[in-house]
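Undergrad: Structure incoming, see below.
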Amino acid sequence: MKEVVRMFPITAHEHLAPKVHRMTVKAPVVAEKARPGQFVIVIVDEKGERVPFTISGWDTAAGTVEFVYIEVGKTTRQLAALKAGDELAHFVGPLGIAAQVDYFGHVVAVASGYGISALVPILRAYREMGNSITSILQAPDRERLFGREELEAVSDRLILAVGERGEEMATSATRPLRKLLGNHPREPLHRVVVMGSICLMRVISELTRPHAIKTVVHLTPLMVDGTGMCGACRLSIKGANRFACVHGPEFDGHEVDGWDVLMARRCTYADTSVHQQGFQCRGCSQW
Amino acid sequence: MSASDKAGTGLDEPGDKKPKINLNRVEMPKQSPGERKHNFEEVATGYTVEMAMEEARRCIQCKKRNCQQGCPVNIDIPDFIRSLQQGDVESASRILKSKTSLPGICGRVCPQELQCEHACSLNKKGAPIAIGRLERFIADWERMEGAVSTPEIAPSTGKCVAVVGTGPSGLTVASDLAIRGHRVTMFEALHVAGGVLMYGIPEFRLPKEIVQREVQYVASLGVDIRLDTVIGINYSLDELLNTKYHAVYLATGAGLPQFLRVPGENLNMIYSANEFLTRTNLMKAYLYPEYATPVKMGKRVAVIGGGNVAMDSARCAVRLGARDVYIIYRRTRQEMPARFEEVENAEEEGIHFHFLCSPTGFISDGRNNVAAMELIRMQLGEPDASGRRRPVPIPGSEYVLDVDTVVVSLGTSPNPLLASTTPDLETSRRGTVIVGEGGRTSKARVWAGGDIVSGGATVISAMGEGRLAASSMHAFLSDSKR
Ligand SMILES: Cc1cc2nc3c(=O)[nH]c(=O)nc-3n(C[C@H](O)[C@H](O)[C@H](O)COP(=O)(O)OP(=O)(O)OC[C@H]3O[C@@H](n4cnc5c(N)ncnc54)[C@H](O)[C@@H]3O)c2cc1C
Ligand SMILES: Cc1cc2nc3c(=O)[nH]c(=O)nc-3n(C[C@H](O)[C@H](O)[C@H](O)COP(=O)(O)OP(=O)(O)OC[C@H]3O[C@@H](n4cnc5c(N)ncnc54)[C@H](O)[C@@H]3O)c2cc1C
Ligand code: FES
């Protein structure tokens, strides 16, 4: 009888910072079609949850795909315990629509958490189109700072926004951005792209709104299937229901009109604590 | 047994005294409502051999074979019942399997009351033969005996076929074509094969082990099943056609959930039935934390809709521990599309039915969780296109129902993913794929069937369409000029 289940071997597993890891997985079918800004869904074992991660790199020739993840709960802790040579039960992708890439001019990228690595393919593609890129890297402290070199390599300028011991997390990237906005339009910003916690993406979108600078965000509501079948990931964009897994995950931050609901839905299973780096509940409008 | 002996087999010699027909069917044992409310095990536990024989003996073997005509896949019902009457379950099984490869599934979930059993001659006078229960019995018997018969497979034709989607329609085409010697590869977006049979219909109506058995059976015919592969993403339809596949069958179902489009519908704790059922059944949230996927649910659950999907959602909610479960339906009991048997089961399990009302909005608890829903009462007006009387709102009749969880079950439509990446595939306004005779689509070498064509029907119709398409595809593949 044919073996129905096929496994996905881990080819590399790297520790980047406390609770932050990069995993490389052999999945030629996924690597073949991967584009910047798309994501995969991983299932660790046959009893596992379907968990989405943004693709942070791929190698079509080697047939590998990588993503950076933060240990926040059951599945990510399980992942952290795996070694190169171990296998994942399932690996589906590339899901979602690729990031829109074009010539915009001067692009400001705001990255925190896994977004630091997951933005790299998008910024590289922007760069190839001739854009100039200023990146703002947000981290809670020096110890948890990672991915600086990679981000630097795809940016014309890198600004570090390192918060003091995790205080004021959601706001530390806003300071350098405010400065840049102060010089706009003398030194114009043509586009802002943010990947990080939903709070951060919301705050940045509100900052740029008065300046009417197109701001794209990469939204991460809860997902189940990731193919448009369950509606768990639905959100409201300009009054219309959209599914983040098939219509996104990239959206215009100024068109998101249900941030509060989005955040509440995102926290369904968080109960009282959300441990994700860059996703601190302190001062969150939700709670 | 003795009672049925007296009832006669209907095979008595002419000249004998006309046998008295037993008008009452043998009841199938069920878990009591009090018990089953607390578990996900199968509600109906199936006939014993004795019960099956007794029920089979009620069949008068009439000449008309109305039951067979009532069956969408034309199963030789009188013949397998006759074998049962003779105590030959094995040949009954062979007869059954010559027309359906999924008897264990059909026996459980087909709406027999509208098909074969409806057509049964006894139906005019009393209870029709319990054909579904007998079908289930035969399939379970074969499974228990472990003597699964595999048909003979024709020599390889060298032709390759891709089947997209592993629901009942895809499985039917795959097995039909594999038996005829074609190389079949199935593609499935999810991590498990079986379609709605796995992610939608709950364990207590259709044990997943039975579905996986049938999937294994199809795989044992030499069919290659590729999970975690989304057509339209990993391969486009054209890529399939331009590489090794001579023909493609699309059976991707109707998986896109519909919403009400009323204010507050995105509040937290409002689920689509697809999400609620997928978490519960496919991901086995009822076994959380052994299985990693949770499903969060409160105590007062409203399920909106009146179909099988709504009944399944409500009955899952009961089993997951809800205190009050309401079915909210805008017409009356008579118009409910759910199977009568399932409505009855739901009632026995303590589910409250609210007829003639429709939600107009959802109210937040102040933290964006649903706390209540606003409803408006309806009355039935003129019949609509479906022939059912159209519900019309009664102005000023709004009222509020406190709920902390809502499951929206308003039906589904085909997922646009495949059609949107295949511009030359003709679809209707509702997103269903348009087909001609034998399931041929507007695109050369592409066939389609099941819910992607009907927009949502039944397991057996999905299989029936698959069967017709498989014949048409086989004729095409066998044409030597190709
Ligand atoms: C499109 C998309 C892309 C993503 N990309 C990445 C990525 O590249 N790297 C990464 O580390 N994480 C990413 N996430 C988030 C990641 O999916 C979650 O961190 C993960 O599901 C947590 O699983 P867990 O079992 O470890 O935690 P759980 O035990 O399930 O939950 C722990 C905490 O994580 C939160 N959480 C659960 N699901 C999600 C979710 N879907 N999104 C965000 N937080 C969630 C919960 O609210 C909870 O507080 C992405 C999410 C989406 C939707
Ligand atoms: C909760 C529920 C209860 C039901 N109860 C009954 C019942 O009691 N009796 C009855 O007769 N019918 C019932 N039905 C209806 C019945 O299940 C469906 O009509 C039937 O399953 C349709 O079969 P299908 O093969 O067309 O599609 P599906 O069973 O929907 O299978 C389609 C498959 O294709 C996969 N797929 C989708 N898109 C892609 C893609 N792009 N690439 C690869 N794979 C893809 C999907 O993941 C899925 O596995 C019920 C349905 C539901 C939802
Ligand atoms: S995750 Fe199910 S529809 Fe997006």
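Undergrad: Using Cα-Cα distances under 8 Å and only pairs 6 or more residues apart, what relative contact order does chain B have, in percent?
TA: Computed value for chain B: 14 percent relative contact order.
Undergrad: Tell me: how much accessible area in total is hidden between A and B, 1.4 Å probe, Å², nearest 100?
TA: Using a 1.4 Å probe, the pair buries roughly 4100 Å².
Undergrad: B:GLN379 versus A:HIS184, label points 7 Å from Cα toward the beta carbon: distance in nm?
TA: Taking the two extended label points, one gets 5.8 nm.
Undergrad: Rounded to the nearest percent, how much of the accessible area of chain B (1.4 Å probe, protein heavy atoms only) is carbon and sulfur?
TA: Carbon with sulfur: 51 percent of the solvent-accessible area.
Undergrad: Just the accessible area for A:LYS26, please: 1.4 Å probe, Å², rounded to the nearest 10?
TA: 80 Å²
Undergrad: When the dipole is taken about the Cα centre of the protein assembly as shown, and only Lys, Arg (+1) and Asp, Glu (-1) are charged at their Cβ, what size is it in debye, to the nearest 20?
TA: About 1020 debye.
Undergrad: OK, next. First compute the accessible area of segment A:8-95 with a 1.4 Å probe, then give the percent of it belonging to carbon and sulfur atoms.
TA: Looking at segment A:8-95 in its full context, I get 52 percent from C and S.
Undergrad: How much net charge surrounds B:ASN368 when only the other residues with a Cβ under 10 Å from the Cβ of B:ASN368 are counted, with Lys and Arg +1 and Asp and Glu -1?
TA: Residues close to B:ASN368 contribute a combined charge of 0.
Undergrad: Quickly estimate the mean residue ellipticity at 222 nm for the protein assembly as shown, helices only: each DSSP H run with n ≥ 4 gives -39500 (n - 2.57), and the total goes over all residues, rounded to 500.
TA: Roughly -7500 deg cm²/dmol at 222 nm, from the helical runs in the protein assembly as shown.
Undergrad: Note down the relative contact order for segment A:106-268 as a percent, whole number, built from C-alpha pairs under 8 angstrom at least six residues apart.
TA: Rounded, it is 19 percent for segment A:106-268.
Undergrad: Roughly how many Å is it from the Cα centre of segment A:1-69 to that of segment B:434-482, as a whole number?
TA: Centre-to-centre (Cα) distance: 35 Å.
Undergrad: A follow-up question, please. Taking the Cα centre of chain B as the origin, how large is its charge dipole in debye, to the nearest 20, when only Lys and Arg (+1) and Asp and Glu (-1) carry charge on their Cβ atoms?
TA: Here the size comes out at about 840 debye.
Undergrad: Under the rule a/c < 1.5 gives rounded, and otherwise a/b versus b/c splits prolate from oblate, where does chain B land using the Cα gyration tensor?
TA: oblate
Undergrad: How large is the accessible surface per residue of the protein assembly as shown, computed with a 1.4 Å probe and reported in Å² as a whole number?
TA: Averaged over the residues of the protein assembly as shown, the accessible area is 40 Å².
Undergrad: Please compute the length gained on full extension between B:SER471 and B:SER397, using 0.36 nm multiplied by the number of residues separating them and subtracting their Cα-Cα distance.
TA: Going from the current span to full extension adds 21.2 nm.
Undergrad: Related question: Does segment A:50-204 come out rounded, prolate or oblate, given a ≥ b ≥ c as the square roots of the eigenvalues of its C-alpha gyration tensor, rounded meaning a/c under 1.5 and, failing that, prolate meaning a/b above b/c?
TA: oblate
Undergrad: Select from segment B:336-382 all residues whose loss of accessible area on going from the chain by itself to the full protein assembly reaches 50 Å² or more (probe 1.4 Å).
TA: The answer is B:ARG367, B:ASN368 - residues whose exposure falls by at least 50 Å² when every protein chain is included.
Undergrad: Here's another thing I want to ask about it. To the nearest 20 Debye, how big is the dipole of chain A about its Cα centre, given +1 on the beta carbon of each Lys and Arg and -1 on that of each Asp and Glu?
TA: It comes to approximately 400 debye.
Undergrad: To continue, here is another question. Compare A:LYS214, B:LYS284, B:LYS20 by solvent-accessible area with a 1.4 Å probe and give them largest first, with all protein chains kept in place.
TA: B:LYS20, A:LYS214, B:LYS284
Undergrad: What spacing in nm lies between the two simple spin-label points modelled at B:GLU239 and B:ASN24, each 7 Å away from Cα in the Cβ direction?
TA: 6.2 nm
Undergrad: How high is the relative contact order of segment B:144-264, in percent, counting Cα pairs under 8 Å that sit 6 or more residues apart?
TA: Here the relative contact order equals 34 percent.
Undergrad: Using only the alpha-carbon atoms of segment A:8-95, report the extent along each of the three principal axes, biggest first, to the nearest angstrom.
TA: So the extents along the principal axes, rounded to whole Å, are 29, 28, 24.
Undergrad: Students sometimes get this wrong: rank B:ARG94, A:ARG186, B:ARG213 by accessible area, probe 1.4 Å, all chains present, largest first.
TA: My answer, sorted largest first, is A:ARG186, B:ARG94, B:ARG213.
Undergrad: Relative to the isolated chain, which residues of segment A:39-71 have their accessible area cut by 40 Å² or more in the presence of all protein chains (1.4 Å probe, heavy atoms, no ligands or nucleic acids)?
TA: Those residues are A:LYS47, A:GLU49, A:ARG50.
Undergrad: In whole Hz, what ³J(HN,Hα) sequence does segment A:236-249 give by Karplus (6.51, -1.76, 1.60; θ = phi - 60°), x for Gly and Pro?
TA: For segment A:236-249, the Karplus curve yields 9, 10, 6, x, 10, 6, 10, 9, 4, 6, 10, 8, x, x Hz.
Undergrad: Taking GluC sites (Glu not before Pro) as exposed when DSSP calls them loop (any state but H, G, I, E, B) and at most 16 other Cβ atoms lie within 10 Å, what is the longest stretch of chain B free of them, the sites themselves excluded?
TA: B:153-289
Undergrad: Listed highest first by mean packing, meaning other Cβ atoms within 10 Å per residue, what order do B:308-318, B:162-172, B:356-366, B:322-332 come in?
TA: Taking the mean over residues of other Cβ atoms within 10 Å, the ranking is B:162-172, B:308-318, B:322-332, B:356-366.
Undergrad: Pop the C-beta distance of B:GLN212 and A:ASP156 into the FRET formula with R0 = 51 Å and round what comes out to the nearest 0.05.
TA: For R0 = 51 Å, the calculated efficiency reads 0.40.
Undergrad: Another question about this same structure. When a/c reaches 1.5 or more, the comparison of a/b and b/c decides; with that in mind, is segment B:259-405 rounded, prolate or oblate per its Cα gyration tensor?
TA: It is oblate, given that a/c is not under 1.5 and a/b is not larger than b/c.
Undergrad: Let me ask something else about it. May I ask for the Rg/Rh ratio of the protein assembly as shown, computed from Cα atoms with Rh as the Kirkwood radius, given to two decimals?
TA: Ratio of gyration radius to Kirkwood radius for the protein assembly as shown: 1.01.
Undergrad: Mind grabbing the accessible area of B:ASP479 for me, 1.4 Å probe, Å², rounded to tens?
TA: Surface accessible to solvent at B:ASP479 totals approximately 50 Å².
Undergrad: Here's another thing I want to ask about it. At a probe radius of 1.4 Å, what is the per-residue accessible area of A:MET129, in Å² to the nearest 10?
TA: Surface accessible to solvent at A:MET129 totals approximately 90 Å².
Undergrad: Another question about this same structure. Please list A:LEU79, B:LEU23 in order of solvent-accessible area, largest first, computed with a 1.4 Å probe with all protein chains present.
TA: These residues rank, largest area first, as B:LEU23, A:LEU79.
The values are calculated or read from the model by the stated rules, or taken from the named source; none is laboratory data. Bear in mind the structure is a predicted one, so any value in this text is a computation, not a measurement. For neighbour counting, all protein chains shown are included, and Cβ atoms are generated from backbone atoms with ideal geometry for every residue, glycine included. Ligands, DNA and RNA are stripped out before the accessible areas are found, and what is left, the full protein with its side chains, is counted by its heavy atoms. Shrake-Rupley method; radii C 1.70, N 1.55, O 1.52, S 1.80 Å.
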